[in-house]
Each structure stands twice: as structure tokens, then as C-alpha cells.
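J.: Structure incoming, see below.
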4 protein chains.
Amino acid sequence: MEGTPKQPSNLSLLLQSILEEARQLPEAGKVADYIPALAAVDADYAGIAVATIDGQVHWAGDAEQCFSIQSVSKIFGLVQAMNRLGDSMWERVHMEPSGQSFNSIVQLEWEHGIPRNPFINAGAIVVSDMLVSHYSASKAAALSFIRRLAMTEQIWINEEVFQSEKEHGNRNAALAYLMKGFGNIVAEVPDVLDHYFYQCSVEMSCKQLALSLVFLANRGVHPLTEETICSRRDAHRVNAILSTSGMYDQSGEFAFTVGLPAKSGVGGGIAAVVPNYGVIAAWSPKLNSFGNSCRGMHMITRLAAQLGLSVY
Amino acid sequence: MEGTPKQPSNLSLLLQSILEEARQLPEAGKVADYIPALAAVDADYAGIAVATIDGQVHWAGDAEQCFSIQSVSKIFGLVQAMNRLGDSMWERVHMEPSGQSFNSIVQLEWEHGIPRNPFINAGAIVVSDMLVSHYSASKAAALSFIRRLAMTEQIWINEEVFQSEKEHGNRNAALAYLMKGFGNIVAEVPDVLDHYFYQCSVEMSCKQLALSLVFLANRGVHPLTEETICSRRDAHRVNAILSTSGMYDQSGEFAFTVGLPAKSGVGGGIAAVVPNYGVIAAWSPKLNSFGNSCRGMHMITRLAAQLGLSVY
Amino acid sequence: MEGTPKQPSNLSLLLQSILEEARQLPEAGKVADYIPALAAVDADYAGIAVATIDGQVHWAGDAEQCFSIQSVSKIFGLVQAMNRLGDSMWERVHMEPSGQSFNSIVQLEWEHGIPRNPFINAGAIVVSDMLVSHYSASKAAALSFIRRLAMTEQIWINEEVFQSEKEHGNRNAALAYLMKGFGNIVAEVPDVLDHYFYQCSVEMSCKQLALSLVFLANRGVHPLTEETICSRRDAHRVNAILSTSGMYDQSGEFAFTVGLPAKSGVGGGIAAVVPNYGVIAAWSPKLNSFGNSCRGMHMITRLAAQLGLSVY
Amino acid sequence: MEGTPKQPSNLSLLLQSILEEARQLPEAGKVADYIPALAAVDADYAGIAVATIDGQVHWAGDAEQCFSIQSVSKIFGLVQAMNRLGDSMWERVHMEPSGQSFNSIVQLEWEHGIPRNPFINAGAIVVSDMLVSHYSASKAAALSFIRRLAMTEQIWINEEVFQSEKEHGNRNAALAYLMKGFGNIVAEVPDVLDHYFYQCSVEMSCKQLALSLVFLANRGVHPLTEETICSRRDAHRVNAILSTSGMYDQSGEFAFTVGLPAKSGVGGGIAAVVPNYGVIAAWSPKLNSFGNSCRGMHMITRLAAQLGLSVY
């Protein structure tokens, strides 16, 4: 980040202007349709929220509407596992960018069942296995952790999405069984996948998502509760992996054009961390060919350019 | 970077202390031996220099001793090409991390001759092709560009290394012919490789290297000559690609533990950019299994931790 | 095959001599140990049997001892599926050699869930899916088919092997779920694997195995029952696929040195078809690095050389 | 082969009938166009010849018209190398089917520069290297060998094709340099490629091709000159590799539908060996998606079916 960003006194106005611009974009992308529950979402939704490290949340558009956070949830699982297992977890999942499409099984085979990083599906499944093995009720623990970060009990999973994911989860099952064959899954595969799909089915709004992740911009400390969510070093580490691996096979391009650690999900959500400033959460359901929200990318790109937020 | 780093009033003392610590490290790594000229280098050399955006250069150890910069030269070639070709160059080389060892030919085949990024060998060869095609005397132009950045005419290539690289360059020739088969090399392959190996054979000291790259930490502007070397946006972009792809297949781990854009070479040199602060250049010949200098990694890791330099 | 093979009047003597030679071989190879039930087999067993198209069975050594036929069972499943589905089955499994180790998941990903041939695990799993979908009691049908070919009701599965395979079948589960993700598995994966592992757990002796497959050397007709087991064309086709793909990643070398269609299993069994002459079944538990029986390979190689059996 | 094939008393009539049928086939396939000299060939040519081990040659259509034999020449090079180097050659090229498209560089990388078999481009380039290293004038030796087999001095290379191949040979250069990087090419790459492309540029007619290869059906002995061209064992071996690897990535299907060792070239020629009977050579320029002649495949398939020639 180049020096201090401009004061956000009129940040809400800026967000509104960027949102309207995004809404004018020519039709592009398509809503994820691999499960019916996601395909049914209204494609016209668009929202953006910024939670700053001073505890404020600015927003525009459909930022209070809940959506399926999908792979953005991988951040929460990772932080839980880092807290619970410490550095030993990195023997079971690496921290290198994957250089391939997000669910490819090929690299996993080459690297003997050790996923490249915790933000590809295989890596998040290993993290889920860690959580299943270390918590007596891992799903409840996951939901409880997210609620604590978002400072509300009003966060739920979408039961229809959860069931639908499980029914269409053959590729993830293949990844999990392959890793179990290599000895890198400890619990029973169906239990691991149950946790993994549960976590993917959490629904949050842009405002909740931004607030719940702002500790990553604030050296691990939640700015409102003042609770230490993770160590400063681990906050740096999560941001580092987000920078190289958070946006599927468009991660390099996102670093190149935006310059922020970020994670996207096929529900159309994107969360971007601005160290020492705050977290941006954007949402719009239509995805580009990499699986990233078209309008979400546009809004974050514009905001980062306007405020000079690039870390590079 | 978290706020303003500590004042470097005693930066030289800190560098000296870190250097001595590195020299005490148990023996580890081995000098690159794929060509005799590199294998002959004294393994005990170790130096470090920091050029800050206020124009100062601090240093310790063998920081005035010239060494073969090898792949660190890929930064210079990239900036030259960005200046000369503009955004059209990104149709011929991508900006995604490669997720594989640094000279693998497999990914190039999958992606139809378009290299993943300009810091793997295939990508730098495409960049060399651009320079050969756009300059009447590309080798002279490359050397002249580096001399201008380092503010000295006393920079040369090592003729023995240059010839030796050409004689042992079969893998790079394979990459080049494969890309030519895909139509992504325009000039004659021997001419392209001649430029590529020439660039790799440049010798510089840590002090020269740090000074010559400090524009990347200063929004594209050379702090001493005040010349604009590249646009602010392009400085951000180079730093972004360095962050995801500069340290071979250890790039993710380097982001995770250090958090700085950086590039290494098999001569044992590493250059790390600290946006809005300066550039660190470290050198020691012994390499780890990824091809990165063991002591160089150690020195930069310690310095970044001590000064809180991580961009994340 | 070059002209008519030598008359087998003293074939049994030849088999005995070859068997004794094989028993003198220096210790080499190791018994399959991925499941305990296989690892427990006495490594010193060795047997060989030849069933000729005139209905005779010659043999030597432990040719009446039952062993786990494992992947040799893939032949039976394939013939069942060819009979039941006709040529439409070849849309779901190809007939090309795989060029890779026998259970690699990589090629399956590249070719969108269509296995290269029915003798690699993925291909046999697709064939099992066909049988599960077309028979109301596919496991009983499989056992019944084998008993009919071997002309005895005294063929059983090894229940311990069956359970053990299921417990250690993570890689095969990964293959099955990956193919289901591509839409190439119709039934439920656990049902398909249940059939697949059941078939692998059949136990037969060399004499039974040779007799049960001799129809492949006799244009599809069982020489003793005179029943048409498959069409002449399909017998040719099975032999063709055996020739290119029956011996794992040693198939080419087996064609090169022996020149016969053949299939091996990790239980140490090998069945080789000599068109218009008969079938050789050899067994000895120790495997080479490709998963083929060391002594079994030796015995068949010697017999083929002595009798001039190569089809080329 | 099932017993003795029908007497060829009216073989020429059969060839004529099959040829006319092939000429009636709906338009399909396209002439190789990667070099202009091949693209210029009249697509309507079609010829077939059968040389039997009793020394006769039967034929129909354009069987006296010379065409570019291209990859069919790999057989000649292989036999030369087997004669000259003996079994030691198999340390530098394997005999396993490749399971991938015919010029893929990926497998070569995986297997450290050892090609899967001598009929893929990489394998034939290694064989060319052997010949360049063992003959003082390897190109003259290659042409002389072919002339001796075809019993005529009237065989030449097409100089235009030869030059054109060299100009468009970037992929083959990539393969050669990659293998040189692994230490599996001894001579200089340009010399090796010069030999390789020279061999590919030989022009022969169907009649000449069938006659020149009939020794492979006759235990290594040329039926007319009675010269031993290679050992019986080596004739078997060549036929074995042809069976698993001669028809590019359609080798398995060709074994499945035809059941004969065969080699095709992108000039539209195919040679198929019928052990103990003879050799079929067919030619028509239009190729299917695998690079095999559409009409050539059709003619050989029909002839093999009519005469019951399958080795299986």
C-alpha cells in the first residue's frame, strides 16, 4: 500500500458510484449452475462493503443480502486449523501456488497426495480433515467461529445448497479418496466431505463477510471485539497465500491488476484484504471463465485503483 | 509493509550482524555446477546491500564483489520489454504462477507455447525474442540499460559463463524450439538464445544490483537520477509477478515467510523489493534444492523480520 | 504363430522342466503386500498349466492350488460386458494402450473420464458399472460365468481378500468418483466397487484358469462344452487388447520378448492366449517392479520360445 | 493368423474390388498440410499392393506411383540400428506403447529423455542419432539399405519435402534438444535432424514398399534375394512394436479391428505385416484425425477381414 489511503469520509459515496458503474457493465459471465440451488439465484444482485480497521463498515447495493460464500469459507477453515494445529499442519498441505485449474487432480497425484495450498479444493479438504479430527463437533465449531467473527448469531447454512453439494460432489470425493490412498486423510472420507460441504454452504452478506475478515488487515486482532483471532505472523501468512493462490487460476492476473490478497467463491463473492486498512467484500453472481465474479472483480479493481490500495 | 519501517540510522550495523549470523550457519546447500564457470566460484562469499528510496546504499560483507546475476537479469529484460511493447506483450506471456519446477517443459506444451510468466525460463526466452526483434543490437541495449540503472559503465558480462551457458543450453533450446513450433518465437532461435544467455551472464555486485532495481520500490522512478524507468503501474505489476513467481517453486513459501517481491538466480543472488522503502540484494553461492541461495534467503528473511518489511 | 507348433506329446515333460528351471531362479521380486491377505501367501508356490483347443490340459507344479486371480478377472468381466452391451460399450472405455503405470489417475483426467482400455483399473471399474447396471445380481452372474467356463462349481471368492480390498481401495474409489464426476459411472460408486473387488477376489488354479480362457484361442468356442462363449470377432478383439495392454507398463516388452496376448494379476497369476493353439496359465507370487510375476514371466517366455508360439 | 489364408490366385481381383470400394467412400479426411510439398499432392490417389513370402507382388490402383513414405521410414531406420547396435540400443529407446499423441513432449520429460518406442518421433530421432554416430555417411547408408530391400536403384528422396521438413521441424528440434539435455543424443542435433528428415523424405510406390518390407513376414529373410536382412527374433520384435505402437494413437483400435502389425505415415502410406504370409502396402493421401490414411485404413481392414489375416 502506498502511504496512507485517502480518508474514507466519502467512502460510501465512492462505493455507490462504483456499484452503479458495475451495474452498467454489459452482460457478461454466467451464474454457477453445477447445482440447482446456486443456479436459482437472481443474477442481477450486486453489493459491496468495506470494513476498516477502525471498526466502521461502509457499503452500497445488496450488501445486506445473504449469499452462499462457498470457497471464501476456506479462509475461516484455514485460520481455525492454524490456531488448532500450529505449524505441523504445513506438512500436510503446502503453500505454493498451484498453477492449474482449481480442482485438478493431476498435481495431487504428482505430489503424492499433498495439496499445493489450502485454497484449492484438495487443500481445503485436508484442512477439513484436520478440523473433523480435532473437534468433537467440527461443523458446529466452524459455524460458531464465523458467528463470533461476524458478531452475530444470525448466520446459517443453506440446507438445500448443503444437500445439493453433497449430491454433486463426485470430484471432491475423488480428491479425498486419492489423498486417503496417500495417507493424507485421517478421518472417514464421508465425514470429511460432510464438513467441507457444510462450510461451503454458509450464507453471509457482504457486510458480515467484510467485518468477519477484517482481523486479517489488523495483525490478527478483531477491531471491535479487540479479540486476538490469530497471531500477527499468521495473519501475514494467510494474506500471503491469498495473494498467490486465492483467485483460482486468475491469481497472478489479480495480483498484477489489483495487488491485494483475495479469495473468491463460485457464489459470486470476493473478499480482498488491504493490510493495515480493512477488508473489501463484493458480491454479484455472474462468474467469468475462471470462476470469479465479473462485477465483483470490477468493483474491487476500481476501488483499489481509486484509493491506491495495491500492496506492491 | 506495516507502517513506516524503523529508521535505518544503524541499518549498516544490522546488516553486518545479520551477515555474520549467516556466515555461522551450518554448511548447507551446494554451488550450481551445471556449468564449470559457476562451479568454480568460492562458496564462502556472502554479501548484502540495501538501496533505499532516498538514494542511500547500506551494505555488509562481499557486497562489492561481482557475481553472475543469472535469472535476476530476467527483471531487467522484462522492464525493457514492457517499455518497448506495452500491454500487447501479455498475449505472448502470461502472469500466472507456474506451480512447477522452473524449467519444466510440460506446462508449455499444455498451454500451447504461452509461458506462465516472464520469470520462468520459457517466459524469459519469449521476452528475449521480443527484445531481439525490437532492437537492432539487443545485447548492447540490454547492457546499456543495466549500466544506466546502476549508474556505472563498469558492468560487464562474463565471457566464459556466456560461452558455457550456450554449450549447456540444450533444455533452453528445447523450450525455444517448442515455442517456435507454436508460433511464439519470431526471430531465429539461436539469436534469441544468444541474447538470453548474454543477459544471464551479466556480473554485478550486491550494491550495484540493489541500486539498479530501487526504482521498483519508488513507483518507477530512479531516486538518484530522477529518471522515470517505468510507469508506476508497471512497477506495481513487476512487483506483483515477482511476488507470485520470482523464487522458483519456493515462491509461495517465500511470500509466506518473508512477504516481499523477490527474484533469485543460480549464481546465488537474490533481489527483494520493499515497496516505498528500497531494494535488498543478497548474495552467497550455495543453493538449496529449489535453486535459491541458502544464506541469501536467511539474510533477507532476518532483515525483513527485524524491520517489519512484509507487504502483507 | 509360425506354422503349427510342435506336437505336445511331451508337453507335460517340457512344462515340468521349465518349472524346475524357474524354481532355481535367484530370489527376485516380492509378494504383493498392499493387503495382508495377499502378503500371507507362500512365496515359493509355482505352477503352470496349458489348455489346448483339443480340450486337453497339461500341467506341472502347483497348478491345482487356488490363488487370487486379481486382475486376470478383468478378462471375464470384459467378455461378459461385450456379450451384454455390444459395441456401444466402446463409447465408455477405449481400446488404446495406456502408456502409464496401471492405476494412474492422470490420463483419466486428461481424457475426461474415459479410460484408455478395459484392463487398467479405471477401465475395469467402468466395465463393472456396466455389469452392475445390466444384471440384477451382478456378482452371482460373474461367479456363475467363471464356473461355467471352468466347468466346475468349485470356484469361490476369498472373503478375506474381498473385505481387505474394500478397506484398502481408496485409489480405486478415487478413480470411480472421478469418472462419476465425468458422468461415466451410472450406478452408485460403492455398488460398483463392491462388484469390482468381488471379481478380483475370485480364486482359481492354473488348470482352471487355462481351461476357462481357452475359448479365446478357439474363435470364441469352448472346446469341451462346444458352447459359443463370444463371437470370433470378439475373441480376436479381446486378444488384441490383451496384446497391447494386458501386462501393465510391461505390455510392450512382453509383446517384444514373448509375442502373446496375456493378462497378469498381482496375485502372481498370468494367462497367455496362443491363438489356434491354447491358453497358458502360470502362477508364482513374487512380482517384479511392474506388478508381473517374475517366475510366471520366465515360464511363459521359455515355453513360447521353445514351442515357437509368438503371433508375430 | 487363423490357419492358412485363402490362396491368392485371384488376389489381384480382390485388391481391385477393394480399391474401387475405397474410391467410392464419401469424402473424408484431409491431406497433410503442415508443409506445402505434401499439401500439393493429388488427394484422389489410391493404391494397394501385397508382396507375399513366395516373392510375388499383387496390386491395384496407383500402386506404382511414388509418394512420400514419411514415418513408414522409421521401420527401415529401426532395422538398420538393430543390426548395427544390437540389444544395447534398447537402453536408449524403450518398446512400450506411448499412450499419447505421436509427438508429445510430455512423456519424454517424465521419462528423462528415453522415448517410449522407436515409432514415435522422439524414438526415431534417437535411432537417427545412432545411425549418424555409427555410419560415416548415414544418409547414403539409409538410402542404400532401402534400395537393396526394394531391389531397385530407382528410389530417391524428394528434395523439396526434405528442405520443407527442415524448415518446419521446430517440434522435432525441441524433442532432440530435450533429449540432448538428458544425454540421450550423442551427435550434433542439426546432423541428427538432417538424417531424420532425409529418411522421412524418401519416396516409394506401394509395390516397392510392400516388397522392401516382406522380410518382416518371412522371419527376416528377403524372399527374392534370399538375403538375411535381420534375425528371426528381430523380425518378431519389430512386428511386436508395430503392433502396439505403429499407428499413432489409433494403434489399439487398429489391433482391435484389423489385428496386424502396421506403420503409417502422414504421406498417406500404410504398411501392414502378415507374419508368414506377406506385407500389404496401401496409400491414399487423405488422413483421419489420428494422422492415418482414411482409404488406406479402409482397404487394409477389408483385405484382412476377407482373408482372415488377423494374428489374434
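The values are calculated or read from the model by the stated rules, or taken from the named source; none is laboratory data. Since we're looking at a predicted model, the values are computed, not measured. FYI the Cβ positions are ideal-geometry reconstructions off the backbone, even for glycines, and counts take in every protein chain you see. Surface areas here come from the heavy atoms of the whole protein model, side chains and all, with no ligands, DNA or RNA. Shrake-Rupley method; radii C 1.70, N 1.55, O 1.52, S 1.80 Å.
J.: I'm told A:A51 meets every condition in (1) outside the structural domain of A:S245 (by TED's automatic domain parsing); (2) not in a loop (DSSP other than H, G, I, E, B) except one. Can you identify the failing condition by its number?
T.: (1) is the only condition that A:A51 fails.
J.: Might you let me know whether region C:63-74 holds any residue that is of a type outside the set (D, E, K, R), within 13 Å of chain D (Cβ to nearest Cβ) and not in a helix (DSSP H, G or I)?
T.: There is no residue in region C:63-74 that is of a type outside the set (D, E, K, R), within 13 Å of chain D (Cβ to nearest Cβ) and not in a helix (DSSP H, G or I).
J.: Go through region A:147-167 and give me each residue that's surrounded by 15 or more Cβ atoms within 10 Å (Cβ to Cβ) and within 14 Å of chain C (Cβ to nearest Cβ).
T.: Residues satisfying the conditions are A:E165, A:K166.
J.: Mind checking whether some residue in region C:167-188 is modelled with pLDDT of 95 or more, among the aromatic types (F, W, Y) and over 24 Å from C:V106 (Cβ atoms)?
T.: Within region C:167-188 (the criterion being modelled with pLDDT of 95 or more, among the aromatic types (F, W, Y) and over 24 Å from C:V106 (Cβ atoms)), the answer is no, since none of the residues qualifies.
J.: Which of the residues belonging to region C:28-43 are open to solvent by 50 Å² or more (accessible area, probe 1.4 Å) and without any contact (Cβ under 8 Å) to a residue 40 or more places away in the chain?
T.: Hits for region C:28-43 are C:D33, C:A40.
J.: Then there's this: Would you say C:L213 is closer than 23 Å to C:V93 by Cα, among the hydrophobic types (A, V, I, L, M, F, W, C) and touching a strand residue (DSSP E or B) at 6+ places or on another chain (Cβ under 7 Å)? Explain how you work it out, then say what you get.
T.: Values: closer than 23 Å to C:V93 by Cα: yes; among the hydrophobic types (A, V, I, L, M, F, W, C): yes; touching a strand residue (DSSP E or B) at 6+ places or on another chain (Cβ under 7 Å): yes.
The answer is yes for C:L213.
J.: If a residue has to be open to solvent by less than 10 Å² (accessible area, probe 1.4 Å) and closer than 21 Å to D:D249 by Cα to count, how many in region D:86-107 make the cut?
T.: Filtering region D:86-107 down to residues open to solvent by less than 10 Å² (accessible area, probe 1.4 Å) leaves D:89, D:93, D:97, D:99, D:105-106.
In the following step, the residues that additionally are closer than 21 Å to D:D249 by Cα were identified as D:93, D:97, D:99, D:105-106.
Summing the residues that are open to solvent by less than 10 Å² (accessible area, probe 1.4 Å) and closer than 21 Å to D:D249 by Cα in region D:86-107 gives 5.
J.: Name the residues in region C:180-207 that are open to solvent by 10 Å² or more (accessible area, probe 1.4 Å) and in contact with a Cys (Cβ under 9 Å, 6 or more places away or on another chain), would you?
T.: Hit for region C:180-207 is C:E203, nothing else.
J.: List, please: which pairs have Cβ atoms under 7 Å, are six or more places apart or on different chains, and start with a residue in region D:157-181 that is touching a residue at least 12 places away in the same chain (Cβ under 8 Å) and end with one that is open to solvent by 10 Å² or more (accessible area, probe 1.4 Å) and aromatic (F, W, Y)?
T.: Hits for this filter: D:I157/D:Y198; D:F162/D:Y198; D:H168/D:Y34; D:A173/B:Y177; D:A174/B:Y177; D:Y177/B:Y177.
J.: When you look at C:Y177, is it in a helix (DSSP H, G or I), open to solvent by less than 20 Å² (accessible area, probe 1.4 Å) and among the aromatic types (F, W, Y), yes or no? So that I can check it myself, show each step before the final result.
T.: Details: in a helix (DSSP H, G or I): yes; open to solvent by less than 20 Å² (accessible area, probe 1.4 Å): no; among the aromatic types (F, W, Y): yes.
No; evaluated as a whole, the condition is false for this residue.
J.: Looking at A:V186 and the list (1) under 17 Å from the mean Cα position of the chain (by Cα); (2) more than 27 Å from B:P97 (Cβ to Cβ), which single condition is not satisfied?
T.: Of the numbered conditions (1) under 17 Å from the mean Cα position of the chain (by Cα); (2) more than 27 Å from B:P97 (Cβ to Cβ), the odd one out for A:V186 is (1).
J.: In region D:27-48, what residues are closer than 14 Å to D:F67 by Cβ and not β-branched (V, I, T)?
T.: Within region D:27-48, D:A32, D:A37, D:L38, D:A39, D:A40, D:D42, D:A43, D:D44, D:Y45, D:A46, D:G47 meet the criteria.
J.: Looking at B:N83, B:N117, can you tell me which residue is of a type in the set (S, T, N, Q), under 28 Å from B:I157 (Cβ atoms) and surrounded by fewer than 17 Cβ atoms within 10 Å (Cβ to Cβ)? Can you show your working first?
T.: Values: B:N117 fails: surrounded by fewer than 17 Cβ atoms within 10 Å (Cβ to Cβ).
Only one candidate qualifies: B:N83.
J.: Here's another thing I want to ask about it. For residues that are closer than 12 Å to B:L209 by Cβ and open to solvent by 10 Å² or more (accessible area, probe 1.4 Å), tally how many sit in region B:44-66.
T.: Our first condition is that a residue be closer than 12 Å to B:L209 by Cβ; within region B:44-66, this holds for B:47-51, B:57, B:59, B:63-66.
Still in the running and open to solvent by 10 Å² or more (accessible area, probe 1.4 Å): B:57, B:59, B:64-66.
Residues flagged as closer than 12 Å to B:L209 by Cβ and open to solvent by 10 Å² or more (accessible area, probe 1.4 Å) within region B:44-66 amount to 5.
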